[in-house]
Amino acid sequence: METLGIVIIEIGDDYVKGTMPVDERTKQPYGILHGGASLGLAETLASTGAGLCIDNSKYKIQVLEVY
């Protein structure tokens, strides 16, 4: 999230809202938003929302680090 400047700005009962700047970190060489950055934003918000929907007394979210 930090690398792309993604910020979660609001969490509701059935949504997660976030922002991401379109700047040198997220633009493709032609100066427009990179599709991969768009997917990074979508996946971040979706996985955050999914994590908020589970029953934490029954399930755990496992974070895997890849090097």
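The values are calculated or read from the model by the stated rules, or taken from the named source; none is laboratory data. Predicted, not measured: the structure shown is a model, and the values here were computed from it. A quick note on method: Cβ atoms are made from the backbone with ideal geometry, for glycine too, and the neighbour counts reach across all protein chains shown. Heads up: the accessible areas ignore ligands, DNA and RNA and are worked out on the full protein's heavy atoms, side chains in. Shrake-Rupley method; radii C 1.70, N 1.55, O 1.52, S 1.80 Å.
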Please pick out the residue among 19, 44, 3 that is in contact (Cβ under 8 Å) with a residue 24 or more places away in the chain, out of contact with any Leu (no Cβ under 6 Å at 6 or more places or on another chain) and β-branched (Val, Ile, Thr). 44
Can you tell me how many residues in the stretch 32-54 are modelled with pLDDT under 95 and assigned to a loop (DSSP other than H, G, I, E, B)? 1
Can you tell me which of 40, 12, 5 is on the phi > 0 side of the Ramachandran plot and small (Gly, Ala, Ser)? 5
Would you please name the residue that is nearest to the chain's Cα centre (by Cα), looking only at residues in the stretch 19-42 that are among the hydrophobic types (A, V, I, L, M, F, W, C) and farther than 14 Å from residue 7 by Cα? 39
So residue 14 clears everything in (1) part of a loop (DSSP other than H, G, I, E, B); (2) among the acidic types (Asp, Glu); (3) open to solvent by less than 100 Å² (accessible area, probe 1.4 Å) except one condition, right? Which one? (3)
State whether the residues of the stretch 20-29 include one that is surrounded by 13 or more Cβ atoms within 10 Å (Cβ to Cβ), part of a helix (DSSP H, G or I) and out of contact with any helix residue (DSSP H, G or I) (no Cβ under 8 Å at 6 or more places or on another chain). no
